[in-house]
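J.: Can you keep this structure in mind? I'll have questions shortly.
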Amino acid sequence: MSWDIDRVRDELHKIDYRRRKIKDSDMFETVEEVFDYSTLMILYDLFNKGVLHVMYGVVNSGKEARVYWAKGRGGMDLAVKIYLTSTSEFRKGMMTYIVGDPRFKISSGKTRDVIYVWARKEYSNLVKAHNVGVRVPKPITVKGNVLVMEFVGVDGVPAPLLKDYTPTDIDAFFKVLMDYVSRLYCKARLVHGDLSEYNVMVFDESPVLIDFGQAVDLAHPLAEELLVRDIKNLLNFFSRKGVETPDLEEALIWVKRGGG
Ligand SMILES: Nc1ncnc2c1ncn2[C@@H]1O[C@H](COP(=O)(O)OP(=O)(O)OP(=O)(O)O)[C@@H](O)[C@H]1O
Ligand SMILES: [Mg+2]
């Protein structure tokens, strides 16, 4: 079942009604709540502004976020990544990647606030990557725990991840990917921090990098360590696929020098 502004409004009313009822009668109903009240308010705002026209089913349901396929202005295909505010387990993990990045400050330790900063961080990382010519889902907007971006795929079917699909010209693919890592480092001052075949989509045989929430500024104390880990992941994966990969030291120098 898809979502539009009327359905969001209905759901908001239902929650209001239920809250009143629970208060009145102390009765407890278990109704499956897809979105909490504040998420519905944010969606309402995005529909109202015309950013979203209709939102279809879940494309991916992870521990931290769900990704939906949606249509926006002019029927543009969008991906809506909604961070779950109910699961607080990963809050601690998030803090590691926020504290130490000079761009972001946490005003309170409340789970919701941490998640909002995380979503903004992912958005701003996508903008930076996009601006230096790294292929990522084009960021559209962010509000609270909801991030709207370009949909990478066709008719609601996401492009495959690199772990599931081997590009035809894998040598060329590897080179482009390494160039992206280098651009991120030298031009955007970013380290992805969770780079692997799980966060690279293959669209039209070319790489698209996703999942930028944890990406950090080079000033972050973990930046170097994360860069090494990212590059190791890529070298391992591609050498298993038969690509002639450089060794780690060589690759690191190449990335930091700005490729070429
Ligand atoms: N812009 C997009 N267009 C199409 N599909 C997308 C887009 N962004 C994410 N997806 C799909 O959703 C999945 C999860 O996205 P992402 O990696 O950003 O979230 P995650 O929180 O790491 O989720 P998981 O824990 O499942 O990896 C991706 O593997 C991909 O299949
Ligand atoms: Mg991921």
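The values are calculated or read from the model by the stated rules, or taken from the named source; none is laboratory data. Source: prediction; values computed, not measured. As a convention, Cβ positions derive from the backbone with ideal geometry for all residues, glycine included, and neighbour counts pool all protein chains shown. Heavy atoms of the whole protein, side chains included, go into the accessibility calculation; ligands, DNA and RNA do not. Shrake-Rupley method; radii C 1.70, N 1.55, O 1.52, S 1.80 Å.
J.: Starting from the Cα-Cα distance between I106 and K138, subtract it from 0.36 nm times their residue separation and give me the gain in nm to one decimal. Intermediate results must be reported in sequence, preceding the final value.
T.: Numbers: separation 32, 0.36 × 32 = 11.52 nm, distance 2.58 nm.
Taking I106 through K138 to full extension adds about 8.9 nm, to one decimal.
J.: Here's a follow-up. Give me the Å³ per residue figure for the convex hull around the C-alpha atoms of the chain. Show your work: numbers first, answer last.
T.: Numbers: hull volume 36.2 nm³, N = 260.
Once divided by residue count, the hull of the chain is 139 Å³.
J.: Given just the C-alpha atoms of the stretch 5-157, how large is their convex hull per residue in cubic angstrom? It would help to have the intermediate numbers written out before the result.
T.: Numbers: hull volume 20.9 nm³, N = 153.
For the stretch 5-157, the hull spanned by Cα atoms encloses 136 Å³ per residue.
J.: In whole Hz and in residue order, list the ³J(HN,Hα) couplings for the stretch 148-161 that follow from phi through the Karplus curve 6.51 cos²θ - 1.76 cosθ + 1.60, θ = phi - 60°; x for Gly and Pro.
T.: 10, 8, 4, 8, 9, x, 10, 6, x, 9, x, 4, x, 7
J.: To continue, here is another question. Please compute the length gained on full extension between V54 and Y165, using 0.36 nm multiplied by the number of residues separating them and subtracting their Cα-Cα distance. Let's see the in-between values first.
T.: On the way: separation 111, 0.36 × 111 = 39.96 nm, distance 2.96 nm.
Stretched out fully, the V54 to Y165 stretch lengthens by 37.0 nm.
J.: Carbon and sulfur together cover what percent of the accessible area of the stretch 159-257 at a 1.4 Å probe radius?
T.: On the way: 2270 of 4610 Å².
Taking all protein chains in place, the stretch 159-257 shows 49 percent carbon and sulfur surface.
J.: Summing Lys, Arg as +1 and Asp, Glu as -1, what charge do residues with Cβ under 15 Å from the Cβ of P221 carry, P221 excluded?
T.: Values: positive: R103, R189, R229; negative: D101, D217, E224, E225.
Net charge around P221: -1.
J.: Roughly what would the spin-label model give for M41 and R66, points 7 Å off Cα along C-beta, in nm?
T.: 2.0 nm
J.: List the relative contact order of the chain as a percent without decimals, with contacts defined as Cα pairs under 8 Å and 6+ residues apart. Don't skip to the end; give the middle numbers.
T.: Working: 412 pairs, mean separation 39.4, N = 260.
Here the relative contact order equals 15 percent.
J.: Which net charge results when you count Lys and Arg as +1 and Asp and Glu as -1 among the other residues whose beta-carbon is under 13 Å from that of G258? Can you show the working numbers first?
T.: On the way: positive: R183, K187, R189, K256, R257; negative: D179.
Cβ neighbours under 13 Å give a net charge of +4.
J.: Evaluate the distance, in nm, between pseudo-label points positioned 7 Å from the Cα of V176 and of N131 along their respective Cα→Cβ axes.
T.: Spacing of the two 7 Å Cα→Cβ label points: 2.4 nm.
J.: Going through the cross-link list K143/K187; K21/K110; K63/K105; K163/K187; K14/K105; K71/K121, which pairs have a Cα-Cα distance over 32 Å in this structure? Please report the intermediate quantities before stating the final value.
T.: On the way: K143/K187 26 Å; K21/K110 28 Å; K63/K105 24 Å; K163/K187 27 Å; K14/K105 35 Å; K71/K121 24 Å.
Exceeds cut-off: K14/K105.
J.: Quick check: at a probe of 1.4 Å, how many percent of the accessible area of the stretch 5-157 sits on carbon and sulfur atoms? Intermediate values should be presented prior to the final figure.
T.: Numbers: 4190 of 8020 Å².
Carbon and sulfur: 52 percent of the exposed surface of the stretch 5-157.
J.: Right, next: How do T245, T96, T39 rank by accessible surface area computed with a 1.4 Å probe, from largest to smallest? Walk me through the numbers before you get to the answer.
T.: Values: T245 45, T96 65, T39 5 Å².
Descending accessible area places them as T96, T245, T39.
J.: Taking the Cα centre of the stretch 5-157 as origin and charging only Cβ (+1 Lys, Arg; -1 Asp, Glu), how large is the dipole, in debye to the nearest 20?
T.: Numbers: 26 positive and 19 negative charges, 117 e Å.
Using Cβ point charges on Lys, Arg, Asp and Glu, the stretch 5-157 gives about 560 debye.
J.: Rolling a 1.4 Å sphere over the protein heavy atoms, what is the accessible area per residue of the stretch 159-257, to the nearest Å²?
T.: 47 Å²
J.: How big is the accessible area of M178 in square angstrom, nearest 10, if you roll a 1.4 angstrom probe over the protein chains?
T.: 10 Å²
J.: Rank V146, V54, S206 by how far each Cα sits towards the positive end of the charge dipole of the chain (+1 on Lys, Arg Cβ; -1 on Asp, Glu Cβ) and give me just the farthest.
T.: Farthest along the dipole direction, towards plus: V146.
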